[in-house]
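Inspection log for the structure reproduced underneath, given as structure tokens.
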Amino acid sequence: MGFHSGHQSHRFVLRAGTMEQHLALEAAVGPLNSLPAYTRYLRGLQAFRTPLERQLAAVAIPPALSPVRPIPLAELVVQDRADLGDHVPVWEETASLSLSPSALFGVFYVLEGSTLGARLLHKQAGQLGLGAAHGARHLAEQISSPETWKQFVGVLDAADDLNMDEAVVAANAVFGAAERALARQDDAEYSNRGPDEL
Ligand code: HEM
């Protein structure tokens, strides 16, 4: 593997340090077994991806991370929602983050890692009749280049001078924002759903 002996794989440190948050997020997403469930997931995803991708576009990315920048998805999510006739504005959920180089490794870990879960979600969306041409463009995009995850893990594990505490804190902040964005879709007080949809 691409990391020096004597230190534990950075990837596994991140995985162990965020496992609880990943499970909480999975539970917040729930099974995408109906169009309303899928629409809710899209809204949550847009609510957390839009501000995060804006933050990332405005920050200097460490040279090691430049070749493994996660693909921005928010625009595709908006198109997926449009396919389904869902146009209500969503409230953005901004992760409170340091964007130090070590933190960026943690943020990229979450965004790149989400392509793994996307394989499952893509299958579920397929059962709802959705795909690259209609409603699940962002998932088709996420699963289109499986080698990117391996490439990212290679960069992560080869990185020197990483502050893993900072990376884990940042990764959990991203997971937390995603979970809150999803949970908010159920909260009538904050949601933007019309009265007929509540
Ligand atoms: C219901 C929704 C989700 C499910 C069912 C799910 C499921 C999974 C599964 C099965 C894996 C492991 C895949 C493998 O090892 O081949 C995985 C990995 C991962 N997922 Fe998710 N996921 C979901 C949502 C998300 C979201 C929304 C994010 C980020 C915003 C995310 C971030 C990650 C990360 C970072 C990993 C890599 C963990 C590692 O280091 O191995 N997941 N997910």
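The values are calculated or read from the model by the stated rules, or taken from the named source; none is laboratory data. Please read these numbers as outputs of a predicted model, since none were measured by experiment. Positions of Cβ are generated from backbone atoms using ideal geometry, with glycine treated the same way; all protein chains shown enter the neighbour counts.
Figures for the structure shown
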{"quantity": "Conditions (1) at pLDDT 95 or above; (2) within 15 Å of Q21 (Cβ to Cβ); (3) in a loop (DSSP other than H, G, I, E, B): number failed by G176", "calculated": "(3)"}
{"quantity": "R43 vs. criteria part of a helix (DSSP H, G or I), in contact (Cβ under 8 Å) with a residue 12 or more places away in the chain, more than 10 Å from the ligand (Cβ to nearest atom) and not small (G, A, S)", "calculated": "yes"}
{"quantity": "Filter result (part of a helix (DSSP H, G or I) and surrounded by fewer than 16 Cβ atoms within 10 Å (Cβ to Cβ)) within the stretch 92-122", "calculated": "L116, G117, R119, L120"}
{"quantity": "Residue identified as surrounded by 18 or more Cβ atoms within 10 Å (Cβ to Cβ) and not aromatic (F, W, Y) among Q8, Q46, Q55, Q79", "calculated": "Q46"}
{"quantity": "Any pair with Cβ under 8 angstrom, 6 or more apart, that starts in the stretch 14-33 at a residue that is touching a residue at least 60 places away in the same chain (Cβ under 8 Å) and farther than 22 Å from S102 by Cβ and ends at one that is more than 9 Å from the ligand (Cβ to nearest atom) and polar (S, T, N, Q)", "calculated": "N33/Q127"}
{"quantity": "Unique residue being β-branched (V, I, T), in contact (Cβ under 8 Å) with a residue 24 or more places away in the chain, within 11 Å of the ligand (Cβ to nearest atom) and over 19 Å from G30 (Cα atoms) when the list is V153, V174, V168", "calculated": "V153"}
{"quantity": "Residue check, L73 out of contact with any Pro (no Cβ under 9 Å at 6 or more places or on another chain) and more than 15 Å from A167 (Cβ to Cβ)", "calculated": "yes"}
{"quantity": "Any hit, the stretch 131-143, residues being of a type outside the set (F, W, Y) and within 30 Å of N163 (Cα to Cα)", "calculated": "yes"}
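Residues checked against (1) among the hydroxyl-bearing types (S, T, Y); (2) modelled with pLDDT under 95; (3) in contact with a strand residue (DSSP E or B) (Cβ under 9 Å, 6 or more places away or on another chain):
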{"site": "S96", "(1), (2), (3)": "yes, yes, no"}
{"site": "P101", "(1), (2), (3)": "no, no, no"}
{"site": "Y109", "(1), (2), (3)": "yes, no, no"}
{"site": "S114", "(1), (2), (3)": "yes, no, no"}
{"site": "G126", "(1), (2), (3)": "no, no, no"}
{"site": "H138", "(1), (2), (3)": "no, no, no"}
{"site": "F152", "(1), (2), (3)": "no, no, no"}
{"site": "N163", "(1), (2), (3)": "no, no, no"}
{"site": "A170", "(1), (2), (3)": "no, no, no"}
